[in-house]
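Student: Right, I'll just put the structure down here and ask away after.
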Amino acid sequence: MGQVLFTVFTPTYNRAHTIHRVFDSLRAQTLRDFEWLVVDDGSTDNTPELIADWARTADFPVRYFRQDHSGKHIAHNLAVREAHGRFFLALDSDDACPANALERIAHHWETIPASERSLFCGVGGLCADQHGVIVGRRYPKEPFDVTQRERAYVYRVRGEKWQATLTEIMRRYPFPEVRWTNFVPEGVVWYQIAKTYKERCVNEVLRIYYQKDAETGQTFSSNRDLWHTAPGRLYYYVWLFRNDFKFCIFSPEPFIKAAVMLPIVTVITATRLCFESFLTAKGRL
């Protein structure tokens, strides 16, 4: 297959009841130069059948990959390796995007002077919930050309955002595949990219971020228990102090949180190591 402009990547795990939002959004896109790449993280519902049915009827490429239940960061690495798009764009399986989202991203990229584009990794925009309420803070101006580290630490523009990133850059910055966890905080990738590249940020809603299930009222982003996420968090907190501590003067809160959590996740990770070693030894008896 030849290159397309966008690879829209959707990681999913037992979201057959919501992933139609992504498919419906893509069917409505005004820009058609994209593919949809779905990585199924070991779903036990009817997700495979849904995707297969949609792949037969869609007028855009639909590519499906399945992995053992390993976490979003592992699915992300797989998707980046397989992507055919010039830009890589993650759209979660419980979210959606406006019909002109891809067209607007392409437009904003073209507004960057050609002589300066080598300094940029992509384009970022705002998210709104299903009721149209902006999630997170707006950018202080538009366009706002900034690295993600400066955006988070210096300007404190936090909360949900959505960014399309050049795939060739994403391939140079994979998620670390930490043992014994299915979660690694995304900052370990985005802040690493931000050491070299900035992005063009605009105050335009490009992603619809569903915060609650309309039927059950439960949040889609479930609380992650520390037993399973501690190794990934430990990796991230250590990385944060080694790489970004100079930003503490602008934004001490993330580092205070990391300092509080670091001994906790260290103990849990060490306990897991001992537990896993015990089970391994027992299995050999």
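Bear in mind that the values in this text are calculations on the coordinates, not laboratory data. From a predicted model like this one, the values you see are computed outputs, not experimental measurements. Cβ atoms come from the backbone with ideal geometry, glycine included; neighbour counts cover every protein chain shown.
Student: What percent do you get for the relative contact order of the chain when only Cα pairs under 8 Å and 6+ apart count?
Tutor: 19 percent
Student: So how many Lys-Lys pairs in the chain land under 30 Å Cα to Cα, not counting same-chain pairs under 8 apart?
Tutor: Close lysine pairs found across the chain: 23.
Student: While we're here: Got a sec to turn the phi values of the range 25-39 into Karplus ³J(HN,Hα) couplings, 6.51 cos²θ - 1.76 cosθ + 1.60 with θ = phi - 60°, whole Hz, x for Gly and Pro?
Tutor: 5, 5, 4, 8, 4, 6, 9, 9, 8, 7, 10, 10, 10, 9, 10
Student: Here's another thing I want to ask about it. For the range 226-284, take N as its residue count and report Rg(C-alpha) divided by 2.2 N^0.38 Å.
Tutor: Scaled against compact globular proteins, the figure is 1.41.
Student: If you plug each phi of the range 43-55 into the Karplus form 6.51 cos²θ - 1.76 cosθ + 1.60 with θ = phi - 60°, what whole-Hz ³J(HN,Hα) values come out, in order, with x for Gly and Pro?
Tutor: Karplus-based 3J(HN,Hα) across the range 43-55 equals 4, 10, 9, 8, 4, x, 5, 4, 4, 4, 5, 5, 4 Hz.
Student: Follow-up. Using +1 on the beta carbon of Lys and Arg, -1 on that of Asp and Glu, and nothing else charged, what's the dipole of the chain about the Cα centre, debye to 20?
Tutor: For the chain, the charge dipole is close to 1060 debye.
Student: Is the range 89-234 rounded, prolate or oblate when judged by the Cα gyration tensor, a ≥ b ≥ c being the square roots of its eigenvalues, rounded requiring a/c under 1.5 and prolate requiring a/b larger than b/c?
Tutor: Note, shape of the range 89-234 comes out oblate.
Student: Have a look at R15, R242, R117 and tell me which one the Gaussian network model of the chain (Cα, springs below 10 Å) gives the largest fluctuation.
Tutor: R242
Student: Between I264 and R32, what is the spin-label point distance in nm, taking each point 7 Å from the Cα along the Cα→C-beta axis?
Tutor: 5.1 nm
Student: Sort 181-187, 8-14 for me by packing, meaning the mean count of neighbouring Cβ atoms within 10 Å per residue, highest on top.
Tutor: 8-14, 181-187
Student: With each run of n ≥ 4 DSSP H residues scored as -39500 (n - 2.57), what mean residue ellipticity at 222 nm is computed for the chain after dividing by its residue count and rounding to the nearest 500 deg cm²/dmol?
Tutor: Taken over the chain, the calculation gives -11500 deg cm²/dmol.
Student: Compute the distance from the alpha-carbon center of the range 32-62 to that of the range 235-259, in whole Å.
Tutor: Using only Cα atoms, the two centres lie 38 Å from each other.
Student: Would you mind working out the magnitude of the charge dipole of the range 1-59 relative to its Cα centre, with +1 at each Lys and Arg C-beta and -1 at each Asp and Glu C-beta, to the nearest 20 Debye?
Tutor: 160 debye
Student: Take E103, project a point 7 Å from its Cα along the Cβ direction, then tell me which residues of the range 124-139 have their backbone nitrogen under 20 Å from it.
Tutor: Answer for this model: 124-128.
Student: I've got another one for you. Would you mind estimating how fast the range 1-64 diffuses translationally, via Stokes-Einstein at 10 °C and 1.306 mPa s with the Kirkwood radius over Cα pairs, in µm²/s?
Tutor: D, rounded to a whole number, is 132 µm²/s.
Student: Once phi is turned into θ = phi - 60°, what whole-Hz ³J(HN,Hα) does the Karplus curve with 6.51, -1.76 and 1.60 give for every residue of the range 121-127, x standing for Gly and Pro?
Tutor: Karplus-based 3J(HN,Hα) across the range 121-127 equals 9, x, 10, x, x, 8, 10 Hz.
Student: Which one of G136, V4, T47 is farthest out on the positive end of the charge dipole of the chain, using unit charges on Cβ (Lys, Arg +1; Asp, Glu -1) and the Cα centre as origin?
Tutor: G136
Student: Let me see the pair-distance distribution of the chain: every alpha carbon pair, 10 Å bin width, integer percents in order.
Tutor: 6, 26, 35, 24, 8, 1, 0
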